[in-house]
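Presented below is the structure to which this report refers.
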Ligand code: IPE
Ligand code: IPE
Ligand code: MG
């Protein structure tokens, strides 16, 4: 089986999952966070190099303060519970997005995790946190303009994106059956295969990931050319 080098996932449906169980939305977020461990471990086992997970968008600040506050507390829960195992597996933690405006305590937890795992050689697990693709592209364009005298090229933009240095995204998965990108990696997904499943994120298990990769293996990628 051809294993995608870089998989990106829009982890959607925590709220709907919780509602279906008669539980509060935050319970869905907790279960969704725990599921990150399962998918990261599986991706690492399969030999995926980079797994990018959409954890919080620049638009998610519109949610009630109580929910935003809870979401911001989850990185601490995640690393407390799973850091030992992530270290054992050699998982390296990184982030994309603007961390400058997230709560100090959350930022510190993430920076610690990044530092602690910096030398690990297994899967790179990237959390997109306060991430928005339009903001990312504007930022890259501004950085590129400051660096270049003449016309800005695609490469100038590329190297100023948060994702610079990562392999191209082969497969994008969105759970919970909404067919949209919600401002996720608009530039980087140009030639990715897009997989949509009705499974809610907390239920998206290792078997579901394998199913998505099997589906990916049946795609014919042409990149605009002929086969
Ligand atoms: C995804 O689940 C998690 C975040 C966006 C933070 P949602 O909270 O969007 O769940 P639904 O879409 O309401 O079911
Ligand atoms: C996208 O999900 C963001 C994350 C999964 C973090 P949303 O639930 O915020 O997206 P919309 O509102 O359905 O487009
Ligand atoms: Mg949603």
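Does residue 4 fit the bill of being at negative phi, surrounded by fewer than 17 Cβ atoms within 10 Å (Cβ to Cβ) and more than 14 Å from ligand 2 (Cβ to nearest atom)? Show your work before the answer.
On the way: at negative phi: yes; surrounded by fewer than 17 Cβ atoms within 10 Å (Cβ to Cβ): no; more than 14 Å from ligand 2 (Cβ to nearest atom): yes.
No.
Of all residues being on the phi > 0 side of the Ramachandran plot and within 16 Å of ligand 1 (Cβ to nearest atom) in the range 144-186, which is surrounded by the most Cβ atoms within 10 Å (Cβ to Cβ)? Just the residue, please.
Filtering the range 144-186 down to residues on the phi > 0 side of the Ramachandran plot leaves 165, 176-177, 182-183, 185.
Now restrict to residues that are within 16 Å of ligand 1 (Cβ to nearest atom): 176-177, 182-183, 185.
Working: 176: 20, 177: 13, 182: 14, 183: 16, 185: 23.
Among those that are on the phi > 0 side of the Ramachandran plot and within 16 Å of ligand 1 (Cβ to nearest atom), it is 185.
Would you confirm whether or not the range 22-30 contains a residue that is under 18 Å from residue 210 (Cα atoms) and away from ligand 2 (no atom under 16 Å from the Cβ)? Can you show your working first?
From the range 22-30, those under 18 Å from residue 210 (Cα atoms) are none; that's our starting set.
Checked the range 22-30: no residue is under 18 Å from residue 210 (Cα atoms) and away from ligand 2 (no atom under 16 Å from the Cβ).
Take the range 19-33 and flag every residue that is surrounded by fewer than 22 Cβ atoms within 10 Å (Cβ to Cβ) and touching a residue at least 24 places away in the same chain (Cβ under 8 Å). Before you say what the answer is, go through the steps one by one.
As a first pass, look at the range 19-33 and keep what is surrounded by fewer than 22 Cβ atoms within 10 Å (Cβ to Cβ): 19-27, 30-31.
Within the range 19-33, 20, 25, 26, 30, 31 meet the criteria.
Restricting attention to the range 168-184, which residues are away from ligand 2 (no atom under 15 Å from the Cβ) and assigned to a loop (DSSP other than H, G, I, E, B)? Outline the logic, then answer.
Step one: filter the range 168-184 for residues away from ligand 2 (no atom under 15 Å from the Cβ), giving 168-171.
Of everything in the range 168-184, those that are away from ligand 2 (no atom under 15 Å from the Cβ) and assigned to a loop (DSSP other than H, G, I, E, B) turn out to be 168, 169, 170.
Residue 52 versus (1) within 16 Å of ligand 3 (Cβ to nearest atom); (2) not in a helix (DSSP H, G or I): which is the lone unmet condition?
Against the list (1) within 16 Å of ligand 3 (Cβ to nearest atom); (2) not in a helix (DSSP H, G or I), residue 52 comes up short only on (1).
Can you confirm whether residue 101 is in contact with a strand residue (DSSP E or B) (Cβ under 9 Å, 6 or more places away or on another chain) and in contact (Cβ under 8 Å) with a residue 24 or more places away in the chain? Reasoning before the result, please.
Values: in contact with a strand residue (DSSP E or B) (Cβ under 9 Å, 6 or more places away or on another chain): yes; in contact (Cβ under 8 Å) with a residue 24 or more places away in the chain: yes.
Here the answer is yes, as residue 101 does meet what is asked.
Residues checked against (1) within 18 Å of residue 215 (Cβ to Cβ); (2) touching a strand residue (DSSP E or B) at 6+ places or on another chain (Cβ under 6 Å):
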{"residue": "154", "(1), (2)": "no, no"}
{"residue": "157", "(1), (2)": "no, no"}
{"residue": "169", "(1), (2)": "yes, yes"}
{"residue": "176", "(1), (2)": "yes, no"}
{"residue": "184", "(1), (2)": "no, yes"}
{"residue": "196", "(1), (2)": "yes, yes"}
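Within the range 3-34, track down each residue that is assigned to a loop (DSSP other than H, G, I, E, B) and near ligand 1 (Cβ under 7 Å from one of its atoms).
Keep residues of the range 3-34 that are assigned to a loop (DSSP other than H, G, I, E, B), which gives 3-5, 11-13, 21-24.
Selection gives 11, 12, 13.
Name the one entry in 84, 144, 113, 43 that is farther than 22 Å from residue 180 by Cα, part of a helix (DSSP H, G or I) and without any contact (Cβ under 8 Å) to a residue 12 or more places away in the chain. Reasoning before the result, please.
Values: 144 fails: without any contact (Cβ under 8 Å) to a residue 12 or more places away in the chain; 113 fails: without any contact (Cβ under 8 Å) to a residue 12 or more places away in the chain; 43 fails: without any contact (Cβ under 8 Å) to a residue 12 or more places away in the chain.
Answer to the selection: 84.
Being within 17 Å of the chain's Cα centre (by Cα) and closer than 19 Å to residue 106 by Cα is the filter here, so list the residues in the range 1-30 that pass it.
First, the residues of the range 1-30 that are within 17 Å of the chain's Cα centre (by Cα): 4-14, 29-30.
Those that are within 17 Å of the chain's Cα centre (by Cα) and closer than 19 Å to residue 106 by Cα: 29, 30.
Out of curiosity, is residue 165 part of a loop (DSSP other than H, G, I, E, B), closer than 26 Å to residue 42 by Cα, away from ligand 2 (no atom under 14 Å from the Cβ) and at pLDDT 95 or above? Give the derivation first.
Values: part of a loop (DSSP other than H, G, I, E, B): yes; closer than 26 Å to residue 42 by Cα: yes; away from ligand 2 (no atom under 14 Å from the Cβ): yes; at pLDDT 95 or above: yes.
Yes.
The values are calculated or read from the model by the stated rules, or taken from the named source; none is laboratory data. Everything numeric in this text was worked out from a predicted model, so none of it was measured. Here the Cβ is made from the backbone with ideal geometry for all residues, glycine too, and neighbour counts use every protein chain on show.
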